[in-house]
Amino acid sequence: MKAGVITFHSAHNFGATLQTWALQKVLKNYKIETSVINYHPSIIDDLYNPLKGKYGLDRKIAKLKLRYKNPRSLQRYHNYTSFIKKNLNLLGDFTTYEELKAADLGLDAYIVGSDQVWNSEHIGGFDPAYFLDFVKPGPLKISYAASIGRDYILPVYHDQIKNSLKSFTSISVREKSAKKPVKALAKKEVDVVLDPTLLLTREEYEEIKTNLKIREKYIFVYMMENNPDVIAFANKVSTATGLPIVQRRPNKLFKNEIASCYTSAPGDFLGLIENAEYVITNSFHGTVFSIIYETPFVSMLHSNTGSRTVDLLKSLNLESHLLYSASDFTDFSQFRIDNPEKLRKRILDLRQSSLLFLLDALRNNDRQKLVSCPTQIKKHECYGCYACKEICPVNAIVMEEDKEGFRYPVVDEAKCIDCGACNKACIRKTNKIIDYKENYPKVYSVMNKQEEVRMKSSSGAIFPELARYVIEQKKGYVVGVKYDKDMKVVSSIADNMEEVKAFYGSKYVKSDFEGIYPKIKQLLNDNQTVLYSGLPCECAALRSYLKKDYENLIICEILCHAAPSPKIFAQYLDYLKNKHKSRVVNLTFRNKNTGWLIHKCSMIIEFENGKNLTVNSRKNNYFRAFLNDFISRPSCSSCEYTYKNRVGDITIGDFWGIKDIDPSMFDDKGVSLITINDEKGSLIWDNIKDNFIYKQSDMTTAFKKNHNKPSPYKLERMDIFDRLDKDPIDNLLYEYNDLRSK
């Protein structure tokens, strides 16, 4: 893919140049052939060119005069233009919109941003170049981290901007405060993303970073406007610390000033921030790079564009570094970054979501598109829960597999009667989460007293006793998932314990449960007791489909990490079949003969020829991809059924972390976590609890090491599914196995 970026790349300030370089670098990291469209109108260039308007002999004379009167302006201009030519892959040379519009750049995608490219004060009102009006129909049109410099758009430009944004395929802004006014004009989704400079690590800036020869320790004062309050405060800090000042502006402003970076190139700026003892700034990018290099800093807001700094610091929980006035300063702890590890993690989370937007936009995939169903939810929101399909009174909805192997609803418009049943049943709209009554949930760590039974289960073996109670005491039915004869994971119904055994053990793949809800409803209406065991979204879907609570229905919700692709699982089984010359007939993901802990348990693969293959589960390519969230359904990254958001009468899963939480309950053979969520859950627990060794716990303790939030949407996932069907599956998964072992 060929992509072009249009932004303020020719503006001679550190932030504008570095954000351009950073976006170019990020795109190249993802194998996108990237150019910076060399659009440099006079409204930008004339601000920085000391020889503006001079040509021929007049230019030579003006240059000679500057060498004598103001040589630093020439040096600054030379350093910036040299950096731009050397480090940016410039495409064309356009000084007017007409020149740009006449060019045929032949790119697949056009990206406007970052910086204040939509700030009318900076672009002379409305410049159609920065709204991609020059792009002919066909290519992708994307804004990445565009800024309007304030929290409103001047009404005089509304019609022009509204018309331009109609053809954008993806829109994002840099500041949260800009989302509302841009969305109002665009009439489509607008994301808030990080400035491109924050998409890279400090190590990646080593490519361009340089260090000025300053031997003393110093305070770096970086002002984008000459602010007397900043000057007074910096002098105060310099006096208190005894540290001299290095600053940006050409004239000496501070009592104890040792250097200016007025003529420095962008790489020098990075070195100055990294090596400073303190940074005092009213610049957005001065703040950004202080954060990247974890240099102690305070931000004193720019009079016109301070909102972008406020938005950034709030998003990173660094508001304490804001100084609205010098009188707000209390002590030097306001400079200090107290928890750098927590900050890095927060930046990483925001970086992942921002990169996801950018790569989504460039690949123009269908994650953001609406499902082909009246529910009108986005594809990445759809759980594939079958509720809409099964509840349709005229069978107008079918579940179709996409290229990743996940099923999504597709409506037959000719059959649809617009009754709204599917919309009401959609669990993304009504999630069916339990509203806990007093004394709930009740939480326990649990081990089955029968070690033989426990060793056949993934954790503490609660499910076998639940099933035994329903089948033997209630003469009822159990619904679970099993492998069918073709090794597909399917939902099934058992009425005896021999059949229930097929449900034992975790199956780390999204199951097929077509037609199971109507069968359950029929059993319930026939007054049969039913134990339903499924993932949280499936339990919510069953409740939604049934529309009412049944006294003879017990819902056992399984704590879920994520639901992997059935297509990848099928391809992996084919790989094993071809490699070992025999069909796989059973697969145990977590055999506990070598231990229950995730780094000890084994995957046992049984073949039709009678041979077995035993490997370490955690190091296996498929299992590792699952653990790393590389092969999960997209909806898993926005799952609403985590931590206290429960939908089952009871919830069961592994009690991870029990070894440290309560060593007396740990023997490395499996411990379950159970939460009793309502009175019905209590009744069944009271009937089976004598079969267990158990201890009371609480939600906070139980979820210290357990899955307490949605699985992150990993960028590696995009790469794997892009290459699915092209690369041999084991080679592909091995490439993304961070433990690199089969």
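The values are calculated or read from the model by the stated rules, or taken from the named source; none is laboratory data. Model, not experiment: these values are computed from the prediction. Virtual Cβ from ideal backbone geometry, glycine too; neighbours counted across all protein chains shown. Side chains are part of the model used for accessible areas, which takes the heavy atoms of the whole protein and leaves out ligands, DNA and RNA. Shrake-Rupley method; radii C 1.70, N 1.55, O 1.52, S 1.80 Å.
General remarks:
- Remark: pairs (first residue in the range 633-644, within 18 Å of Y408 (Cα to Cα); second residue part of a helix (DSSP H, G or I) and open to solvent by 40 Å² or more (accessible area, probe 1.4 Å); Cβ separation under 7 Å; 6+ apart in sequence or on different chains) = S635/E381; S638/E381.
- Just one of the listed residues (V489, V478) is of a type outside the set (K, R) and crowded, with 23+ Cβ neighbours inside 10 Å, and it is V478.
- D730 vs. criteria within 26 Å of the chain's Cα centre (by Cα), open to solvent by 60 Å² or more (accessible area, probe 1.4 Å) and touching a residue at least 40 places away in the same chain (Cβ under 8 Å): no
- Selection of first residues in the range 359-372 that are open to solvent by 20 Å² or more (accessible area, probe 1.4 Å) and of second residues that are aromatic (F, W, Y), restricted to Cβ pairs under 8 Å at least 6 apart or on distinct chains, gives the following pairs, ordered by first then second residue: S372/Y408.
- If you go through the range 686-699 and keep only what is open to solvent by 10 Å² or more (accessible area, probe 1.4 Å) and either modelled with pLDDT under 95 or in a helix (DSSP H, G or I) (or both), you end up with D686, N687, K689, D690, N691, M699.
- Enumeration of residues in the range 570-591 that are open to solvent by less than 60 Å² (accessible area, probe 1.4 Å) and touching a helix residue (DSSP H, G or I) at 6+ places or on another chain (Cβ under 7 Å): Q571, Y572, Y575, V584, F589, R590
- Enumerated helices (runs of 4 or more DSSP H) restricted to the range 219-308, each holding at least 1 residues that are over 37 Å from the mean Cα position of the chain (by Cα) and buried (at least 21 other Cβ atoms within 10 Å of the Cβ): 228-241
- Screening the range 28-43 for residues that are within 15 Å of H9 (Cβ to Cβ) and in contact (Cβ under 8 Å) with a residue 60 or more places away in the chain and picking the one that is surrounded by the most Cβ atoms within 10 Å (Cβ to Cβ) gives Y39.
- Counted residues, the range 649-679 - those being of a type in the set (D, E, K, R) and surrounded by 19 or more Cβ atoms within 10 Å (Cβ to Cβ): 3
- Check on K101, among the basic types (K, R) and closer than 29 Å to L313 by Cα: no
- In the condition set (1) part of a loop (DSSP other than H, G, I, E, B); (2) of a type in the set (A, V, I, L, M); (3) surrounded by 19 or more Cβ atoms within 10 Å (Cβ to Cβ), M718 is compliant with all but (1).
- Residue within the range 317-337 that is surrounded by 17 or more Cβ atoms within 10 Å (Cβ to Cβ), assigned to a helix (DSSP H, G or I), at pLDDT 90 or above and not small (G, A, S) present: yes
- Of all residues in the range 117-142, those satisfying the criterion of being within 20 Å of R174 (Cα to Cα), touching a strand residue (DSSP E or B) at 6+ places or on another chain (Cβ under 8 Å) and open to solvent by 10 Å² or more (accessible area, probe 1.4 Å) are W118, L140, K141.
- Residue within the range 478-489 that is within 18 Å of I516 (Cα to Cα), in contact (Cβ under 8 Å) with a residue 12 or more places away in the chain and more than 33 Å from the chain's Cα centre (by Cα) present: yes
- Sole residue being in contact with an Asp or Glu (Cβ under 6 Å, 6 or more places away or on another chain) and under 18 Å from L27 (Cα atoms), chosen from S114, S164, S143: S114
- Subset of the range 373-412 that is over 21 Å from F569 (Cα atoms) and modelled with pLDDT under 95 - its residue that is surrounded by the fewest Cβ atoms within 10 Å (Cβ to Cβ): Q376
- Scanning the range 150-208 for residues that are surrounded by fewer than 20 Cβ atoms within 10 Å (Cβ to Cβ), closer than 28 Å to I291 by Cα and of a type in the set (S, T, N, Q) yields S177, T201.
- First in the range 328-342 and in contact (Cβ under 8 Å) with a residue 40 or more places away in the chain, second anywhere and acidic (D, E) and open to solvent by less than 70 Å² (accessible area, probe 1.4 Å), Cβ under 7 Å, 6 or more apart: I337/E294; P340/E294
This table checks each residue for (1) touching a helix residue (DSSP H, G or I) at 6+ places or on another chain (Cβ under 6 Å); (2) part of a loop (DSSP other than H, G, I, E, B); (3) of a type in the set (D, E).
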residue	(1), (2), (3)
N593	no, yes, no
W596	no, yes, no
K600	no, yes, no
E606	no, no, yes
A625	yes, no, no
T642	no, yes, no
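- Residue in the range 589-601 that is among the β-branched types (V, I, T) and within 23 Å of A461 (Cβ to Cβ) present: yes
- Residue-level check: of (1) in a helix (DSSP H, G or I); (2) acidic (D, E); (3) loosely packed, with under 13 Cβ neighbours inside 10 Å, D93 misses just (1).
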